[in-house]
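Below: the structure, in structure tokens.
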Amino acid sequence: MVKMKSLALCQFNKRNRINKSYRFLFSSFPAFFLVITLLVNVKPSPAQDIASDANNSAWPVQIVAVNLSVQEAMRSTGGGGMGMATAAADAGMMTTDEPKILLLIKCKNNTDKEVKTIYWESIFLDTKQQAILKQYKSKKKIKPSKNEDIEEKLDYDSKLIPKSIKLGYRIVKIEYSDNSVWENPVKDATETSFIYKSYKLT
């Protein structure tokens, strides 16, 4: 009799544990479903970023950084030297020339040869939404595994350059000191052949 009561008690406890397990599972189901939903709705990174990284790593000279610098030049309307220019500024006789925009790029030579000249391009949309492509020939010696800064003027009407600009750039050709040459296999200036970075001009 005692054994039958113990057996009945064990079966009751077992059923009770199973019922609690089911209740826990179904009570936690909404949270589990929410986690699954969030994971499904995660969006991948833009393809342009992946393409940009691939472009840069494929170039023998890596562009480490690109910056835009705006320089305003003051000009005196009168003659004379520095003293006259200071006096003209005090008298309100100074005029401001059109701002000059400089492209400053830091390059790293990832080859075992010395770089002599870099041919590169930049592209952006002006205030009229026209694509403006600029080409540069930068004579700069860069030793193997070393970094160098290159500065070029963005020769374009500053009034047509938007305050928020998305600038694209790419290396087209590299000449080495031993007279060997590397050329970008992508000949056409397509949108995906550039690396892009956004800037705000003040």
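Assorted remarks:
- Scan region 167-192 for residues that are in contact with a strand residue (DSSP E or B) (Cβ under 7 Å, 6 or more places away or on another chain) and modelled with pLDDT of 90 or more and the total you get is 15.
- Within the span defined as region 173-184, every residue fails to be assigned by TED's automatic domain parsing to the domain that holds Val61, buried (at least 16 other Cβ atoms within 10 Å of the Cβ), within 19 Å of the chain's Cα centre (by Cα) and not charged (D, E, K, R).
- Entirely in region 112-202, the strands (runs of 3 or more DSSP E) that have 3 or more residues that are touching a residue at least 12 places away in the same chain (Cβ under 8 Å) and aliphatic (A, V, I, L, M): 115-125, 131-142, 164-176
Here's the yes/no breakdown for (1) more than 20 Å from Trp59 (Cβ to Cβ); (2) touching a strand residue (DSSP E or B) at 6+ places or on another chain (Cβ under 8 Å); (3) surrounded by 12 or more Cβ atoms within 10 Å (Cβ to Cβ):
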| residue | (1), (2), (3) |
| --- | --- |
| Gln129 | yes, no, no |
| Lys134 | no, yes, yes |
| Lys140 | no, yes, yes |
| Lys146 | no, yes, yes |
| Ile150 | no, yes, yes |
| Asp155 | yes, yes, no |
| Ile165 | yes, yes, yes |
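The values are calculated or read from the model by the stated rules, or taken from the named source; none is laboratory data. Values in this document were obtained by computation on a predicted structure and should not be read as measured data. Cβ coordinates were reconstructed from backbone atoms using ideal geometry, including for glycine residues, and neighbour counts include every protein chain displayed.
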